[in-house]
1. For the range 38-110 and the range 119-141, what is the centre-to-centre distance using only Cα atoms, to the nearest Å?
2. How high is the FRET efficiency between Asp227 and Thr193 when r is their beta carbon distance and R₀ equals 25 Å, given to the nearest 0.05?
3. What's the local net charge at Lys174, with K and R +1, D and E -1, over the other residues with C-beta under 9 Å away?
4. So what are the radius of gyration and Dmax for the Cα set of the range 65-193, in Å?
5. Return the FRET efficiency for the residue pair Asn215, Ser80: r is the Cβ-Cβ distance, R0 is 45 Å, and the value is rounded to the nearest 0.05.
6. Going from the alpha-carbon gyration tensor of the chain, what semi-axes, largest first and in whole Å, does one get by taking the root of 5 times each eigenvalue?
7. In this model, which of Lys15/Lys70; Lys24/Lys160; Lys81/Lys192; Lys47/Lys190; Lys47/Lys85 are farther than 31 Å apart at the alpha-carbon?
8. Straight-line reach from Lys228: which aspartates and glutamates have a Cα under 16 Å away, not including same-chain ones fewer than 8 places off?
Amino acid sequence: MSTLPPLSLLALNVKNLFDDGRFKEALEWLPISEHAHVNRFRFDADKHRALGSLLLRRYFFSKFLGVPWKELCFDRRPGSKPTLKIGNDTWVDYNTSHEGEWVVFVATSRPGLVVGIDCVRIDIPLHTDIPQFLRSFQSQLSTEEIEWIFYTNEENNMLKRFYELWGCKESYVKAIGVGLQRDLDTLSFKNKTEKEAWIVMQEDNWGYHLSDLDNDTIVVVCSGYPDKRPLDHDILAFCATTRPLGATYHQQAPFELVRWEALSNYLH
Ligand SMILES: CC(C)(COP(=O)(O)OP(=O)(O)OC[C@H]1O[C@@H](n2cnc3c(N)ncnc32)[C@H](O)[C@@H]1OP(=O)(O)O)[C@@H](O)C(=O)NCCC(=O)NCCS
């Protein structure tokens, strides 16, 4: 295994990635047992994100763990979080998310550390106005979060604040791997102070990092130890580079952008 950073972050832009027969070609790089996971969707955009997600995890583990891609096997943890089947003496946790034209991936091999990722596109609601749309999510937001969302006169900012909080909640839920079982209103996120670039939740010892993939798409990475151990210094240093909630777009997400050529080098 090569030396991994505490968190490895990859992004794949699937817009036009599978044009010109490349969808069929790339699907065949996957074992037959994984084809249904891609082909279950009706629309090409969904199929492309699902395919990108399965390719990205194989690309990463093949490249960084030095395991031939055909030998990689995946499973689910209790709670159904996908995991890599690997010997008991090696720790690996990973997570993926897809939205719009993006597929994102985070992995760690730090013993006991778990990771979650959520990619969110800030879409203007089509069939209702923004305040009405936001009110429909009230039961899944804490009182403080609702105040924060509506504490601005600009409706587009309200929407952006909502989606950022949503990304934080989902990234945490995905890190612990419980799917729909967690009440989202009990997870309350905020900036630690107006000056410090930290995103915190009431539950201790989890770290968050929010960044922008493009003007309309944000990504939140959550990491932490389920046994409540404090986060390591290097992870805390990474979390300190987050874009605070509500701030304007200021930096490209710190993800390695994976291209078709890189995928095809590893996966066939
Ligand atoms: C499982 C769940 C976390 C997926 O989130 P999503 O926003 O629908 O989709 P994303 O693109 O972010 O994530 C999909 C990936 O999550 C991963 N995933 C699936 N189940 C998971 C679980 N229990 N824990 C962590 N990750 C999981 C998979 O890798 C999946 O990608 P793949 O199918 O390509 O392998 C989500 O359905 C869920 O249960 N959310 C709980 C919070 C909630 O109520 N959300 C409502 C959203 S409107």
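No lab work stands behind these numbers, since they all come straight from the coordinates. Quantities reported herein were computed from a predicted structural model and do not represent experimental measurements. Note: ideal-geometry Cβ built from the backbone for every residue, glycine included; neighbour counts use all protein chains shown.
1. Cα centroid of the range 38-110 versus Cα centroid of the range 119-141: 29 Å apart.
2. 0.35
3. After counting each charged neighbour, the total is -1.
4. 17.7, 54
5. FRET efficiency, Asn215 to Ser80: 0.85.
6. Rounded to whole Å, the semi-axes are 31, 23, 16.
7. Correct reply: Lys24/Lys160; Lys47/Lys190.
8. In chain and number order, the partners are Glu203, Asp204.
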